[in-house]
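**Q** Take this structure first; my questions come after.
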């Protein structure tokens, strides 16, 4: 479980394609400082298991299912990635509860730049729109954000300078695909309502 508060902007060091998977090596000295083999680390919003580590990075195996459902398969060596260690009982919950399970890929369709903030417009898969509500929470590439507005096809998020500087959202241009995780509470409520029918 994560909070969507990105701790470190890491970098893809190496990608090793396998028959039906990929091994990814990432530089991220902060997130490996107290991580062990078997621990989880969120990479652009995808929960991955540390399979090996060094003083300044780690490797993880990514299944074909994850490659199909997330943007990790589009990464190349040198790409920056958002990194976060899992939440603990002693951690402040600065964002919202994030599982690291990508619900779908969105596409950046517009970017409005202002002096002190920017607004991203993102088109999610149509089946995810019902879970996205104005002023609700959403995770974009592992970053916990508040939905500024939503309509029948797209939603917007406002990005403050800290988010622009410390996450990959500062460089996401129109046409980029981003990992989306909707608020898990909405999915649980839907399931409970359906069970009552």
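**Q** For the condition loosely packed, with under 12 Cβ neighbours inside 10 Å, more than 23 Å from residue 42 (Cβ to Cβ), out of contact with any helix residue (DSSP H, G or I) (no Cβ under 9 Å at 6 or more places or on another chain) and touching a residue at least 40 places away in the same chain (Cβ under 8 Å), what is the one hit in 174, 113?
**A** Values: 113 fails: touching a residue at least 40 places away in the same chain (Cβ under 8 Å).
Selected residue: 174, the only one of 174, 113 that is loosely packed, with under 12 Cβ neighbours inside 10 Å, more than 23 Å from residue 42 (Cβ to Cβ), out of contact with any helix residue (DSSP H, G or I) (no Cβ under 9 Å at 6 or more places or on another chain) and touching a residue at least 40 places away in the same chain (Cβ under 8 Å).
**Q** Now for a different question. Would you check which residues across the stretch 102-117 are touching a strand residue (DSSP E or B) at 6+ places or on another chain (Cβ under 8 Å) and closer than 18 Å to residue 163 by Cα and list them?
**A** Of the stretch 102-117, the ones touching a strand residue (DSSP E or B) at 6+ places or on another chain (Cβ under 8 Å) are 102-112, 117.
108, 110, 111, 112, 117 - these are the residues of the stretch 102-117 that are touching a strand residue (DSSP E or B) at 6+ places or on another chain (Cβ under 8 Å) and closer than 18 Å to residue 163 by Cα.
**Q** Tally the residues that are within 23 Å of residue 67 (Cα to Cα) and either out of contact with any helix residue (DSSP H, G or I) (no Cβ under 9 Å at 6 or more places or on another chain) or surrounded by fewer than 10 Cβ atoms within 10 Å (Cβ to Cβ) (or both), restricting the search to the stretch 146-170.
**A** Counting residues in the stretch 146-170 that are within 23 Å of residue 67 (Cα to Cα) and either out of contact with any helix residue (DSSP H, G or I) (no Cβ under 9 Å at 6 or more places or on another chain) or surrounded by fewer than 10 Cβ atoms within 10 Å (Cβ to Cβ) (or both) gives 2.
**Q** Got at least one residue in the stretch 54-70 being modelled with pLDDT of 95 or more, touching a helix residue (DSSP H, G or I) at 6+ places or on another chain (Cβ under 6 Å) and farther than 21 Å from residue 167 by Cβ?
**A** no
**Q** To continue, here is another question. Quick one: which of 156, 121, 146 is in contact with a strand residue (DSSP E or B) (Cβ under 7 Å, 6 or more places away or on another chain), without any contact (Cβ under 8 Å) to a residue 60 or more places away in the chain and farther than 19 Å from residue 95 by Cβ? Spell out how you get there, then give the answer.
**A** Details: 156 fails: farther than 19 Å from residue 95 by Cβ; 146 fails: farther than 19 Å from residue 95 by Cβ.
Answer to the selection: 121.
**Q** Answer yes or no: is there a residue in the stretch 158-170 that is outside the structural domain of residue 72 (by TED's automatic domain parsing) and in a strand (DSSP E or B).
**A** Of all residues in the stretch 158-170, those outside the structural domain of residue 72 (by TED's automatic domain parsing) come to 158-170.
Filter once more, so that each one left must be in a strand (DSSP E or B): 158-159.
Yes, the stretch 158-170 contains a residue that is outside the structural domain of residue 72 (by TED's automatic domain parsing) and in a strand (DSSP E or B).
The values are calculated or read from the model by the stated rules, or taken from the named source; none is laboratory data. Keep in mind that what you see is a predicted model, and the values were worked out from it rather than measured. Backbone-built Cβ (ideal geometry, glycine too); neighbour counts: all protein chains shown.
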